[in-house]
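The block underneath contains the structure these notes are about, expressed in structure tokens.
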Amino acid sequence: MLNSESLNNVLENKVISRQDIIGIYQNAVENSSELFSVAQNLRKKFKKDSVTFSKKSFFNLINLCKDTCSYCTYKAEPGEEKLSLMSKQQVLELLQLAKKYRCVEALFVTGERPEQKYQEARDWLKENGFKSTAEYLIHASELALELGLFPHTNAGNLNFEEMRELKKTNVSMGIMLENISERLTEKGMPHYLAASKRPKARLEVLENSGKLGIPMTTGLLVGIGETIEEIVDSILAIKQLHQKYGNIQEVILQNFQPKPDTIMKSAPSADEKYFKTIVALSRIIMPEMNIQIPPNLSPKSYQSFLSVGINDWGGISPLTPDFVNPEFSWPEIDKVDENSRNAGFELKCRFPIYPEFFSFVSKELRDKMSVIENGEGLVKEEYWR
């Protein structure tokens, strides 16, 4: 028996309240051992002793963006060296290279509706023969599939019709909830200049993904000035959506790291113990969920998160940088494998969709996946190694 009645209830599969969860957090501030132990217990129960990743290539299609998030270094302005406006030929060439590297996932990322703000974006679309960024994403996804890579699109607040079209070629899609707090959108807060980060807008995209039956990745950014109540409410909002539609395939928990060219450049990084506590809380709130942290954002300690409830490292690229966090290089896959094994876990490569969500995608997509798929619904080891 544990000292915490709430954690005993979790282990007995009993419902715990929002207040119970906040109480568990408050106790963990003093002593986190029971929470971490229960999170690990649940992770082993539902996810066994393996940890997954997706071998990807990152397509920074266009990084002009109509919003400004206080912590974001991905966004570029016209004329900046980091500006990316990929042509169709550049997309094709990177896809061909990704295939040579035996990448599995083609991650397509764009800024938020850049053509609404920038003439450069409108000119870029016209030069490539498209009317919208979403139309370009559809083309790029089709091209990826033809070459044997599997698209995952993360392009902000796409509307219902755009998502319905992309579902035909994307095995999954993603949008970070970040946080459900309206307070974080107020003046002086991280999302004040980012209308697309309003919780209502993000939740609408997630709701539409559920209606469309799209396997969806979402998650939270931890350490941007949120309260524990706001974090708990954000996790519970994701849980509620998953209970309603059953399509949330994974939750990414990303620790805030200040970027030199951003408004929040002087803010402190997310405290590691606090971050681990949030990871463990997420596991007890959603025991069967796939929970991921990016290993490049905790380069010296990522393997220690295996003991607090995670079961996935997300996308790791042998080929392209993390354009969202360019100062944090991907670890080498062999090193992630070694560190995972040393922690007692077997590293396995997955598609950009988890096996338990295969029923959401078309037979055509499943047939393409089967070429490199093993008996577990994961990627054949001889393909990705």
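The values are calculated or read from the model by the stated rules, or taken from the named source; none is laboratory data. This one's a predicted model, so the numbers in the text were calculated from it and none came from an experiment. Heads up, the Cβs are rebuilt from the backbone with ideal geometry, glycines too, and the neighbour counts pull from every protein chain shown.
General remarks:
- Test: K335 is out of contact with any Asp or Glu (no Cβ under 8 Å at 6 or more places or on another chain), assigned to a loop (DSSP other than H, G, I, E, B), free of Cβ contacts under 8 Å to residues at least 24 places away in the same chain and more than 30 Å from K167 (Cβ to Cβ): no
- Only a single criterion out of (1) of a type in the set (S, T, N, Q); (2) at pLDDT 95 or above; (3) within 25 Å of M176 (Cβ to Cβ) is not satisfied by S329, namely (2).
- Condition check for I284: part of a strand (DSSP E or B) and in contact with a Gly (Cβ under 9 Å, 6 or more places away or on another chain): no
- Candidates A121, A98: the one that is surrounded by 15 or more Cβ atoms within 10 Å (Cβ to Cβ), farther than 10 Å from I62 by Cβ and touching a strand residue (DSSP E or B) at 6+ places or on another chain (Cβ under 8 Å) is A98.
- Criterion applied to L42, L64, L35 was being closer than 21 Å to I252 by Cβ, in contact (Cβ under 8 Å) with a residue 40 or more places away in the chain, of a type in the set (A, V, I, L, M) and buried (at least 23 other Cβ atoms within 10 Å of the Cβ), and the one residue passing it is L35.
- Residue in the stretch 352-370 that is part of a loop (DSSP other than H, G, I, E, B) and among the charged types (D, E, K, R) present: no
- Residue in the stretch 237-250 that is assigned to a loop (DSSP other than H, G, I, E, B), surrounded by fewer than 18 Cβ atoms within 10 Å (Cβ to Cβ) and within 18 Å of the chain's Cα centre (by Cα) present: yes
- Residues that are out of contact with any Gly (no Cβ under 6 Å at 6 or more places or on another chain) and under 30 Å from T52 (Cα atoms), drawn from the stretch 108-129: F108, V109, T110, G111
- Taken over the stretch 175-197, the residue count meeting the criterion of being without any contact (Cβ under 8 Å) to a residue 60 or more places away in the chain and farther than 15 Å from C65 by Cβ is 10.
- Total residues in the stretch 183-214, condition farther than 17 Å from E112 by Cβ and either in a loop (DSSP other than H, G, I, E, B) or among the aromatic types (F, W, Y) (or both): 6
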